[in-house]
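**Student:** There's a structure below that I have some questions on.
The values are calculated or read from the model by the stated rules, or taken from the named source; none is laboratory data. Remember, predicted model here, so these are calculated numbers, not experimental data. We place every Cβ from the backbone using ideal geometry, glycine too, and count neighbours over all the protein chains shown.
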Amino acid sequence: MKYIENQIINILESYFEPETEFIPLINQDEEEPLLKEGGVPEQITILPVRNVVLFPGVVIPITAGRTRSIQLLQDTYRADKTVGVLTQKDMNIDQPTEKDLHPIGTVSQILKLLKMPDGNTTVILQGKHRFLIKQFIQEKPYFKAEIFPLQELHPLLDDKEYLTLVESIKELAIKIIQENTNIPSEANFAIRNIENPSFMINFVAANMGFPIKDKQNLLNENDIKKRAVKTYRFLSIEHQQIRLKNEIQSRVRSDMDQQQREYFLQQQIKAIQEELGDLSDEKEIEEMRTKAARKKWPKEVSEQFEKELYKFQRSNYQMPEYPVQRNYLDLMLDLPWKKYSKDHFDLYRVQKILDREHAGLEKVKERIIEHLAVLKLRADMRSPILCFYGPPGVGKTSLGKSIASALKRKYVRISLGGMYDEAEIRGHRRTYIGAMPGRILQSIKKSKTSNPVFVLDEIDKMCSGAHGDPSSAMLEVLDTEQNTSFYDNFLELGYDLSKVFFIATANSLSSIDSPLLDRMEIIEINGYTIEEKIEISYKHILPKQLKAHGLKRTDLILVKKQFEKVIESYTKESGVRELEKQFAKLARHAAKNIAIGNTFSKRLSVEDIEKILGGPKDIERYEGESIPIGVVTGLAWTSTGGDILYIESILSQGKGLLSITGNLGEIMKESATIALQYIKAHYQEFNIDPNLFSKKNIHIHVPEGAVPKDGPSAGITMLASLISSYTGRKVKPDLAMTGEITLRGRVLPVGGIKEKILAAKRYCIKEIILSHQNRKDIADIKKEYLEGLTFFYVKDMKEVIDIALMKN
């Protein structure tokens, strides 16, 4: 028995890589048995395992990847090397609880502990005795439980039925090993040399391919003879499945041989037909040659086409690669090699179209005109790739469509959101059945021209997966030095993309890889003012919704006051996507009444709008002197544009503890901690009683706790809120602020200033505190956006407090 165990351990060790670090035994010179005869500890640490069931006497390796499991093994190995192994009921649960574990397991001894190169820990365990959980007494840092041993009922030594059953199990297991190529041959040697009947049953039950649920049922069985009967039943089923699988594979090989024979005969028939001049698909091939003759493709492309056409001519239509070869030839013929649409670089016309289709966005339009002017002078596309960056609904994608219309080029758009397969860009290799070109060449083929306006929508939402990184493939597409010969895996030739007008769109730049970001010129598209939204609604959104709902312009009439009501009371976004939904509701109301034949007012009033759209969606604001102590208005940037954010703080009896709520991220939590420490270091300057720090708890809360919030913009807002609570001084009404702080009290600049300014105007803020380094951002904003606002530019927190807090 000991010899078999040693052989199993040696076999297991041979599978580990040479660089595996073996953790040395604590007492290498002494052999300390884990369990004395009949001795099972009353309390034991519990190791949860996913897809294995350990039986008494069996030696198995287990790889631990969870932190708590690794710590358990290391602690146990340095102590008594005794651990209880319990199998999870569901292997997909990463952090199991007590209810997720089977109650019956096996006390085991750690024979070896190995640290793997990938950071995981592999342990070689030998099962000793079954046990049942009484109760769990510890959960962290790992499970510990009270147990009592389970006795096993062994048959008599002269029980011939039992011995015959064990011998049958051994013979059936050996047959399975011989017929299943996935099981190593060493297992055959191990089973042949096992003499102990009960160990034979446990060894087979542990190592054969039974489902985990069945293995656990075997472990739960106290009667060894009944366990042997169940094991033999499972082995019989597994043996039948293996034999059936082998028969199917043999039949498939026979069918493949027959198919190859038919292919050989088909090739002979084709050769005879060629000799007789009677090739069935000769007409189709000649049509391909005629199309190819009209193509203006390079010499190497022409040679490749002839080569592939000859291969197609000699292929059998019954073979799997036949349709792939056909698709390849069709792609070569359908691609617009050196076929370009004529550009119309009338910049006055382009400006007119952009002004007609897009209100506002003056700087964006100016940059587009400059870009087109350079292209007109250079007569090529070797200029930076434009990337329109901004919140949803501001017109990034439609700008690309307008540019295509102005230049009279074809318009192509693909969405990159959620793309995780590199083959979506580069295509699949033709060695795979069902191979296709990438979406870049598919779109070029669909446009029928090699210089379309190509919009790469949501380029920030590409993600790497198991099939490569699409961002890396996109580098070649957008690099003007490389895309003259873009290589598609399916085409296996370089295709010139240098004349394509690529435009990318993104909502966030943080998720775009730096090398990809470096190849694009970022053009920021901010939100619209109320005046711009009114113009967009009147010229574009309302006519579009009327047409979509089958209405005439006279069926729904709105004036400026009604447009302004919808914009201010029912939307708070930077773009106009939500605005479209609100006007769609108004259009549906009119369509319903016209369809039913009801009499209704086609010229809607403000009251009519509230009845149709419901109550206004304005956020409740503190107004005038009603703002409480400890509440400060902050300005925030969100994925839908700018918004206001209330920071609240309050003191309570306690020991000076800081609590933070509101679903805040790590950055905002750090800002709160820095703000509190700065106040404690400068309490005298703010006239704060230092006893408050030890006698009062301080709680910071940001409302709307269901919405995650994070970012380096709320530092000065949190600090102002804390000082307001400690001093009892209110913050000025109609004042908002944004900026980050350092531990020394310096005010740092933040981004998204224009969106925050627009949000401040929407919520009738009159005064704004910014870092002095954000002054340049204000200079870039149109003056009409700043009307009615007063700005305070500060360098440190003392200035913020002097400006923001009112005197008692």
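**Student:** May I ask you to say which residue of A675, A720 is of a type outside the set (D, E), under 30 Å from Y785 (Cα atoms) and either surrounded by 24 or more Cβ atoms within 10 Å (Cβ to Cβ) or assigned by TED's automatic domain parsing to the domain that holds S574 (or both)?
**Tutor:** Sole residue among the options that is of a type outside the set (D, E), under 30 Å from Y785 (Cα atoms) and either surrounded by 24 or more Cβ atoms within 10 Å (Cβ to Cβ) or assigned by TED's automatic domain parsing to the domain that holds S574 (or both): A720.
**Student:** Has segment 319-330 got at least one residue that is modelled with pLDDT under 85 and hydroxyl-bearing (S, T, Y)?
**Tutor:** Yes, segment 319-330 contains a residue that is modelled with pLDDT under 85 and hydroxyl-bearing (S, T, Y).
**Student:** Looking only at segment 86-140, how many residues end up being surrounded by 13 or more Cβ atoms within 10 Å (Cβ to Cβ) and in contact with an Asp or Glu (Cβ under 6 Å, 6 or more places away or on another chain)?
**Tutor:** Residues meeting the conditions: 6.
**Student:** Within segment 698-728, count every residue that is in contact with a Lys or Arg (Cβ under 7 Å, 6 or more places away or on another chain) and either among the charged types (D, E, K, R) or more than 17 Å from L635 (Cα to Cα) (or both).
**Tutor:** Going through segment 698-728 one residue at a time, the tally reaches 1.
**Student:** Moving on. Of all residues in segment 202-214, how many are part of a helix (DSSP H, G or I) and surrounded by fewer than 22 Cβ atoms within 10 Å (Cβ to Cβ)?
**Tutor:** 4
**Student:** Shifting gears a bit: Just to check your reading of the model, which residue among L72, L101 is modelled with pLDDT of 85 or more and out of contact with any Lys or Arg (no Cβ under 8 Å at 6 or more places or on another chain)?
**Tutor:** L72
**Student:** Right, next: Out of G427, G468, which single residue is crowded, with 22+ Cβ neighbours inside 10 Å, at positive phi and either at pLDDT below 85 or not aliphatic (A, V, I, L, M) (or both)?
**Tutor:** Sole residue among the options that is crowded, with 22+ Cβ neighbours inside 10 Å, at positive phi and either at pLDDT below 85 or not aliphatic (A, V, I, L, M) (or both): G427.
**Student:** Among the candidates A145, A228, A190, A173, which residue alone is assigned by TED's automatic domain parsing to the domain that holds L72 and either over 23 Å from G105 (Cβ atoms) or surrounded by 18 or more Cβ atoms within 10 Å (Cβ to Cβ) (or both)?
**Tutor:** Criteria check complete, one pass: A145.
**Student:** What is the residue count in segment 542-561 for residues that are surrounded by fewer than 20 Cβ atoms within 10 Å (Cβ to Cβ) and in a helix (DSSP H, G or I)?
**Tutor:** 9
**Student:** Here's another thing I want to ask about it. May I ask you to verify whether L542 is closer than 25 Å to V364 by Cβ and either modelled with pLDDT of 85 or more or assigned by TED's automatic domain parsing to the domain that holds L758 (or both)?
**Tutor:** So L542 fits the description; yes.
**Student:** In the set I723, I768, I753, which member is touching a helix residue (DSSP H, G or I) at 6+ places or on another chain (Cβ under 8 Å) and farther than 24 Å from S574 by Cα?
**Tutor:** Only one candidate qualifies: I723.
**Student:** Going by the structure shown, is L743 touching a residue at least 12 places away in the same chain (Cβ under 8 Å) and out of contact with any Lys or Arg (no Cβ under 6 Å at 6 or more places or on another chain)?
**Tutor:** Yes; evaluated as a whole, the condition is true for this residue.
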